[in-house]
Amino acid sequence: MNSNMTGKPNVLHRLLDDRDVYLTLQDYQDEQNLLFERLLNGAYRSEKVSEEDYRLLVSEVDRFDDWEAYYQHLTGLYERFIEAMQNELQRRIVVGATYIENIGSSHKNYMSALRKYDALCREYQRSRGIGA
């Protein structure tokens, strides 16, 4: 088993279906980076993040030589991902409010637009932990 300078093993041990499974740091990073990229791709395809944020976050996926540096990087990556999704929600809320204001209450799509706007606001509040 390899060790880094702090004496921590470079192999992650976890139990899986009553079997001992050992993952190297490289294997763990491959697994976690793939998971992150899948989540990010799904969010981009469903328009939960902007193209600019998508490209920025994809470019930040990286590999490290020790566990601590990777955990810090991965934690920061997920925090930026959540922030990007919240920013996109805010943008969509503003666009929706502008649309509702421009069409007026007599427009045939007014109630539908209002329901969509309310749903976006609820989603944003949940994402911020407000009224969850």
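Each reported figure results from applying straightforward, stated rules to the coordinates on display, with no laboratory input. Keep in mind it's a predicted model, so treat the numbers as computed, not measured. Note that we place each Cβ from the backbone using ideal geometry, even for glycine, and neighbour counts take in every protein chain shown.
Couple of notes before you dig in:
- Screening the candidates E60, E88, E83, E52 for the property of being more than 28 Å from Y117 (Cα to Cα) and charged (D, E, K, R) yields one hit, E60.
- Selection count where residues are closer than 30 Å to L57 by Cα and of a type in the set (G, A, S), scope the range 84-122: 4
- When restricted to residues that are in contact with a Gly (Cβ under 7 Å, 6 or more places away or on another chain) and of a type in the set (A, V, I, L, M), the range 91-129 contains 2.
Quick grid of which residues meet (1) out of contact with any helix residue (DSSP H, G or I) (no Cβ under 6 Å at 6 or more places or on another chain); (2) hydrophobic (A, V, I, L, M, F, W, C):
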{"site": "R63", "(1), (2)": "no, no"}
{"site": "H73", "(1), (2)": "yes, no"}
{"site": "A84", "(1), (2)": "no, yes"}
{"site": "R92", "(1), (2)": "no, no"}
{"site": "A97", "(1), (2)": "yes, yes"}
{"site": "S105", "(1), (2)": "yes, no"}
{"site": "N109", "(1), (2)": "yes, no"}
{"site": "S112", "(1), (2)": "yes, no"}
{"site": "R115", "(1), (2)": "yes, no"}
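- Some residue of the range 39-49 being farther than 21 Å from R126 by Cα and of a type in the set (A, V, I, L, M): no
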